[in-house]
Structures are given as structure tokens and as C-alpha cells.
1. Tell me the residue from E14, E51 that is under 16 Å from the mean Cα position of the chain (by Cα) and either at pLDDT below 95 or exposed (fewer than 10 other Cβ atoms within 10 Å of the Cβ) (or both), please.
2. Within region 1-32, track down each residue that is in a helix (DSSP H, G or I) and more than 22 Å from A47 (Cβ to Cβ).
Amino acid sequence: PDSPGTGLFVLAIEPKLLDPDFEQRMKDQLDRLRRRFGVHVPGRARAEAAEKAQARGITASKAVVQRISEFAARYSS
């Protein structure tokens, strides 16, 4: 047969089912690796910016707010 002789097995596990504190423990571990060893965690800067924006809101110029308001007024009817 024309088989490449390879296989693939994918197993997905929801870690919170086994450890409810998994998410916090993983976050703590990644923070520790970043601080102590300078490990770069891809996407972390964006995630931190999103968390700050969620907590504090964002800064937008009056022009941007005006354009958003005009857009909303036009399409919300």
C-alpha cells in the first residue's frame, strides 16, 4: 500500500477537570519563568493590555469617539 508509515494521535484534556486551580498555577509558573529567567511568553503583552483595558477602559481621542458615535447612530436603527 501507499502508506507513509506515520500516524497521528491527538488527545485533548480539560485540565480544570483534574485540577480546578490549574489556570492560576499555570499563570504563576509562567510569571515566575518570565521574571526569574527572562522567558518570553508569546501573547502575554497583548493579554496584559487586554486585561488592563477591561479593568480600566481605553483612551480614545474625541475624534475617534465621535466617529464611533456617528457609526452607531447610523446603524443602530
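The values are calculated or read from the model by the stated rules, or taken from the named source; none is laboratory data. Nothing here was measured: the structure is a model prediction, and the numbers come from that model. Cβ: placed from backbone, ideal geometry, glycine included. Neighbour counts: every protein chain shown.
1. When all the criteria are applied, what remains is E51.
2. L17, L18
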